[in-house]
Each structure stands twice: as C-alpha cells, then as structure tokens.
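Heads up, the thing below is written out as structure tokens.
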Amino acid sequence: MSHYLRNGLNAGIVFGIVTIFLVLIGFTVTASDLIGTFLGNASASGVLGLPAVTFHLLIFLFLLGVWSGASGARKSPTEADSWRRVLSGAGLAGLILGILAGGLAMLIGSLLLAGVRMSTYFAQLLPDAVRLYLLGLSPASAAIFYVIFFFISGLLGGVFAYRVLRGSWRKKFSIWINTKTQWILNGSGIQLFKRTKSIRLIVYALAIGIVLLIPLVIGDYWNYTLGTVGIYVLLGLGLNIVVGLAGLLDLGYVAFFAIGGYTVALLTAPAPHHLLWSFWIAIPIGIILAAVAGVLLGVPVLRLRGDYLAIVTLGFGQIIAIMLRSDALIAFTGGPKGVSAVGGPTFFGRSLGTPEDFVYLILLAVVLVIFVTIRLRSSRVGRAWEAIREDETVARAMGINTWSHKLLAFAIGAAFAGLGGVIFASRNQFTGPEDYNLMVSFNVLASVIVGGMGSIPGVVGGAFTLKGLPEVLRELENYRILAFGALLVVMMLVRPEGLLPTSRRKMEIKELHEDANEAGETSGGKT
C-alpha cells in the first residue's frame, strides 16, 4: 500500500474515533459555545440560513476535517511528492472520517427518533446535543452530509499541507529566525553582559527582585497554584536524578513524598501523638527518613532493570498508600481521616502561614535543590549516573560501582521528595492518604518527560505545563483536562525531546530521526 494511502487510512480512523468520542461526551456543544464566544454570536447569525450554534459546530468539525486531511497528506520519506498522492491520502482520511461521523449520526439519530434516552448511558448525550449534531436534518440526510463535508474538508487539508506547510516560506522563515537570533546574541548588549561581571550581577538582581515581587501582587489563589507548581518542581528535580540522570524508572516515587508529609504531620500536629515539635526540626527528619526509605527500597531491588524495577517500585508505592489508609494504623497515622492541624514554620516568633510565605519558602527550597543538582551533575557521581543510563554493562566494565551509584541516586531523589512532602503537608495544614495516590507519581514522571529528561529547566517547564496550565484552562470547565491532554499530545508530536531538553537529548532525537529516514530510504530502494 502507498505511504499516502496508509497515512490517510490511519488518520481517518484516528480522527473518526476522536470525533465519535467528542460527540458522546457532549464536547461538541461546548466547542460550539467556545467558538461562538470567540467569534461573537451576532457575527455568525443567519450565515447560510443556519442558526449560530449550528454554524459554530460546523466550524469546529471543519477544522477537524482539515486536520485529518493534513495528517493523511504527510510527506513520505521514500515516495516522490505529487498532487495526486497528496490528495489521495487527504481525501481517504476525510472520507473515512465522514463515514464514521455519518454512521454515528445515523445511529444516534435513529435512537432519538425511537425515544431511547441515551443520556442514561452517556450523561452528556442529551436530546439537544443530538439534534445539534444532526444539524436539524434527518439521520440519513445528516449522515450523507457528513460524508461529503468531511471528504471536502479533508481535501482542503491536503491542499493546505502541500502548499502551505511544505512551502519554501518555512525554510526562509527558519533562516530568518536563526539570523536574527545570532544577530541578537552577537549584539553589543549581549556581549557586554557576557564580559562584564557587574552588569550580570545587576541583571540577576533585577530578575530576582521581580520574582520576589510576584507573590505580593497575584493574590492567594495564584500563590497557592504557584506553590503547588513549586512543590512539583521539587519532586521533578528528585525524580530527574533517578530517571533523567541514572536512567532508573521509579513508579513508586509518591511513597517518599508521603513519608515527608506524614513525618512533619506526626511530629508537629496535636494528634495523634501530641508531640508539637517545631517545623524546622521536622524538615531534616523528614528528609532523612525519606532518604533512608529510598536506601531500604533500593538495596533489594536495584539489581533489577527496566520494567521489572518499575513494577517493584510501583508495588512499593501502593504498599505505602494501603498502609496509610489501613484501620490497623489509625492510632499511629490517623488512618483514612489523615492528620489535621499540621504545624507550620515560624520565623522569630512570626508565623509563616500565608500562601505568599509558603511561595517564598518553596522558592528557597527549589533554589537549594537546583544548586545541589547542578553540583552533582557536574561531579564524578553525575558522570557515573549518565554512564549507567547509557549502558550499565559498559559502565560496570569501566570500573564504576553501578549498584552503589544507583543506590545513591535513589536516596537523593527520595530526599528531595521528602522535602517536598514536608512543605506540602505544612502548607495545607492537613495530610491524608488521598494526597499520595498513584497519579502523583505519574504526574511527576510526566513533568520530567514533557520538560526533557536530564534537564533542570525542562523539569521547571514541565511542572508549569502539567500543574499550571490546567488552571489557565479552567475556563473550559469540565473539559479542561481533555484540552490539556490534547495540548500534551500535540506538544509531544512537535517536540518529542521535551520543552527544554539538554543539548545531548536534542542530538539523540535528531540522530533517531536521521536513522529512521535512512532506514526508510533503504527499504524504499530495495522495494
């Protein structure tokens, strides 16, 4: 089968499934409202005799059709580009999408006419949403319309991909961007900044001053959100040592986070143990206990590799979560109810309990952890971790004690997670089992991967993307996580190396792409 036909078939099936899913969860209504808000309802009224809400829905579906056509018309590394091949792939993608969308219209339209309450099975698939999707037509007419509509929009997507996305303007624009970037970097101001220490200090001081002023002006809600992002930066920096530098897949990382949180809770809260210790005493204890837990976990399991290590660490995280919820440990951990009235930090008698205070505390912790991470990465230990990540067998042959270095990575990563847990529980003044579910481990791991494994700026960018962006998308209400997931998918397709990857990671991804293209050309030449 031709590359373009295969692309069109895959794109049509994928976009068809996505469209069916969006209709079943009622997102088409939300999409129509969002487009109406963006365009203004009045501007679309009376277009082609359609109600505004129907016209807005068609805009959304048209964009899906164009996207499917552009995906089906992706350039082949082995076949010559031509209008015929491009339009065949794009048209096939649009046709399959239209058939699936039309089949859905026929099905739900017939069920609506039969009086079936589809909202019993799909809560958002209300009669009004079904009528909107049918465009006021009969089920058969709507099905025929969607086949033609998506076929045409798919062809237009192919034209767009061939004439715009592959146009010479992209190369010219890239050259222009590189030229301007070099001009800026080689400018007198940048060169003066690089050469003059005093100017660098002034710029750094101004940047630090701006960062310190931000919590004073953004309000409690955004300070709380910023604090949550900062805590995930701490967790991401710790997991970045384990996954990004040492190459060890740890899916039970939340357990060390929980150890830090419960340590400060049990030592500073009035119940269940009535110890009422100082927060500043609880911090090092929480860090040390988390590191010790990392060592105790690492001793028996770090001789495992890959998926086996991931499964064992996942089990450890689940064991900790089950223990925290257990009724047998209510007298010690508070059980399912958790621990309330967790103590917070004080400074010369002043309680540091506001969201702004915790933002400053978290910023200080992030700076210290980044400093430690940079020193470790540039040391012999950091180079040993990278050697283990690349090839553990070769690293062992070169004389590196791989087991002790992996154990050290586990302990340091766990210590950073313990620090994050201490601050997290103290800021919330409560901690419970629900704060340490498995999704925390997945979110932290995702922030490391999205930002760029092994990259400190990447971890910061990944944490802002995963924890800050959903709050920015809160206007989408119930669909903000769906939109967030779609943005992540697009980002990983566009930048598989991460948002802010290291130069080494960039080179690795580039080499993988070059090898894949060479393999495609070789196989194409043989056939």
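Among the residues of the stretch 126-154, those identified as touching a Leu at 6+ places or on another chain (Cβ under 6 Å) and within 22 Å of Ile13 (Cβ to Cβ) are Ala142, Phe150, Phe151.
Before we move on, is Thr78 over 27 Å from Thr30 (Cβ atoms) and either at pLDDT 95 or above or loosely packed, with under 15 Cβ neighbours inside 10 Å (or both)? Yes.
Counting only residues that are part of a loop (DSSP other than H, G, I, E, B), open to solvent by less than 70 Å² (accessible area, probe 1.4 Å) and touching a residue at least 12 places away in the same chain (Cβ under 8 Å), the stretch 114-137 holds 2 of them.
Counting the residues of the stretch 342-373 that are more than 30 Å from Ala246 (Cβ to Cβ) and exposed (fewer than 13 other Cβ atoms within 10 Å of the Cβ) gives 5. Can you name the residue in the stretch 219-252 that is farther than 26 Å from Ile322 by Cα and among the hydroxyl-bearing types (Ser, Thr, Tyr) and is also farthest from the chain's Cα centre (by Cα) among such residues? Once the filter is applied, the top-ranked residue is Tyr221. Is it the case that the stretch 75-82 has a residue that's free of Cβ contacts under 8 Å to residues at least 60 places away in the same chain and part of a helix (DSSP H, G or I)? No, because not a single residue in the stretch 75-82 is free of Cβ contacts under 8 Å to residues at least 60 places away in the same chain and part of a helix (DSSP H, G or I). Here Leu407 fits the description: open to solvent by less than 60 Å² (accessible area, probe 1.4 Å) and out of contact with any strand residue (DSSP E or B) (no Cβ under 6 Å at 6 or more places or on another chain).
Here the condition is being free of Cβ contacts under 8 Å to residues at least 12 places away in the same chain and among the hydroxyl-bearing types (Ser, Thr, Tyr); of Ser426, Ser441, Ser447, Ser404, it holds for Ser404 alone. I need the full set of residues from the stretch 293-306 which are touching a residue at least 24 places away in the same chain (Cβ under 8 Å) and out of contact with any helix residue (DSSP H, G or I) (no Cβ under 6 Å at 6 or more places or on another chain), in order please. Scanning the stretch 293-306 gives Val299, Arg303, Arg305, Gly306. For the stretch 11-52, filtered to residues that are over 24 Å from Thr120 (Cβ atoms) and among the aromatic types (Phe, Trp, Tyr), the residue that is modelled with the lowest pLDDT is Phe38.
Can you pull out the residues in the stretch 246-267 that are among the small types (Gly, Ala, Ser) and assigned to a loop (DSSP other than H, G, I, E, B)? Residues satisfying the conditions are Ala246, Gly247, Gly252. Contact annotation: residue pairs with Cβ atoms under 9 Å, 6 or more positions apart or on different chains, pairing a residue in the stretch 186-215 that is assigned to a helix (DSSP H, G or I) with a partner that is of a type in the set (D, E, K, R) and open to solvent by less than 100 Å² (accessible area, probe 1.4 Å), are Phe193/Arg200; Lys194/Arg200; Pro215/Glu356; Pro215/Asp357. Checking each residue in the stretch 12-23 for being of a type outside the set (Ser, Thr, Tyr), touching a residue at least 60 places away in the same chain (Cβ under 8 Å) and buried (at least 18 other Cβ atoms within 10 Å of the Cβ) picks out Gly12, Phe15, Gly16, Val23. Scanning the stretch 139-167 for residues that are open to solvent by 80 Å² or more (accessible area, probe 1.4 Å) and without any contact (Cβ under 8 Å) to a residue 40 or more places away in the chain yields one hit, Arg163.
Apart from one condition, Gly89 fits all of (1) touching a residue at least 12 places away in the same chain (Cβ under 8 Å); (2) more than 15 Å from Leu155 (Cβ to Cβ); (3) assigned to a helix (DSSP H, G or I); the exception is (2). Among the residues making up the stretch 315-339, those that are open to solvent by less than 70 Å² (accessible area, probe 1.4 Å) and on the phi < 0 side of the Ramachandran plot are Gly315, Phe316, Gly317, Ile320, Ala321, Leu324, Ser326, Leu329, Thr333, Val339. When you check Gly98 against the structure, is it over 26 Å from the mean Cα position of the chain (by Cα), within 17 Å of Gly158 (Cβ to Cβ) and modelled with pLDDT of 95 or more, yes or no? Here the answer is yes, as Gly98 does meet what is asked.
Selection of the stretch 59-74 for residues being assigned to a helix (DSSP H, G or I) and either open to solvent by 40 Å² or more (accessible area, probe 1.4 Å) or among the charged types (D, E, K, R) (or both) yields Ile59, Phe62, Leu63, Trp67. Among the residues of the stretch 415-439, those identified as out of contact with any Phe, Trp or Tyr (no Cβ under 6 Å at 6 or more places or on another chain), open to solvent by 10 Å² or more (accessible area, probe 1.4 Å) and assigned to a helix (DSSP H, G or I) are Ala415, Phe416, Leu419, Phe424, Asn428, Glu434, Asp435, Leu438, Met439.
Residues being hydroxyl-bearing (Ser, Thr, Tyr) and open to solvent by 20 Å² or more (accessible area, probe 1.4 Å) are represented in the stretch 459-472 by at least one member.
Answer yes if at least one residue in the stretch 284-306 is open to solvent by less than 70 Å² (accessible area, probe 1.4 Å), among the hydrophobic types (A, V, I, L, M, F, W, C) and not in a helix (DSSP H, G or I), and no otherwise. The answer is yes; a qualifying residue exists. Criterion applied to Gly109, Gly94 was being over 19 Å from Val18 (Cβ atoms), in the same structural domain as Gly26 (by TED's automatic domain parsing), outside any loop (DSSP other than H, G, I, E, B) and open to solvent by less than 60 Å² (accessible area, probe 1.4 Å), and the one residue passing it is Gly109. Given the structure, is Val312 among the hydrophobic types (A, V, I, L, M, F, W, C) and open to solvent by less than 30 Å² (accessible area, probe 1.4 Å)? No; evaluated as a whole, the condition is false for this residue.
Might you check whether a residue that is within 30 Å of Phe332 (Cβ to Cβ) and of a type in the set (Asp, Glu) occurs anywhere in the stretch 250-260? Within the stretch 250-260 (the criterion being within 30 Å of Phe332 (Cβ to Cβ) and of a type in the set (Asp, Glu)), the answer is yes, since at least one residue qualifies.
The values are calculated or read from the model by the stated rules, or taken from the named source; none is laboratory data. From a predicted model like this one, the values you see are computed outputs, not experimental measurements. As a convention, Cβ positions derive from the backbone with ideal geometry for all residues, glycine included, and neighbour counts pool all protein chains shown. Keep in mind that these areas ignore ligands, DNA and RNA; they rest on the heavy atoms of the full protein, side chains included. Shrake-Rupley method; radii C 1.70, N 1.55, O 1.52, S 1.80 Å.
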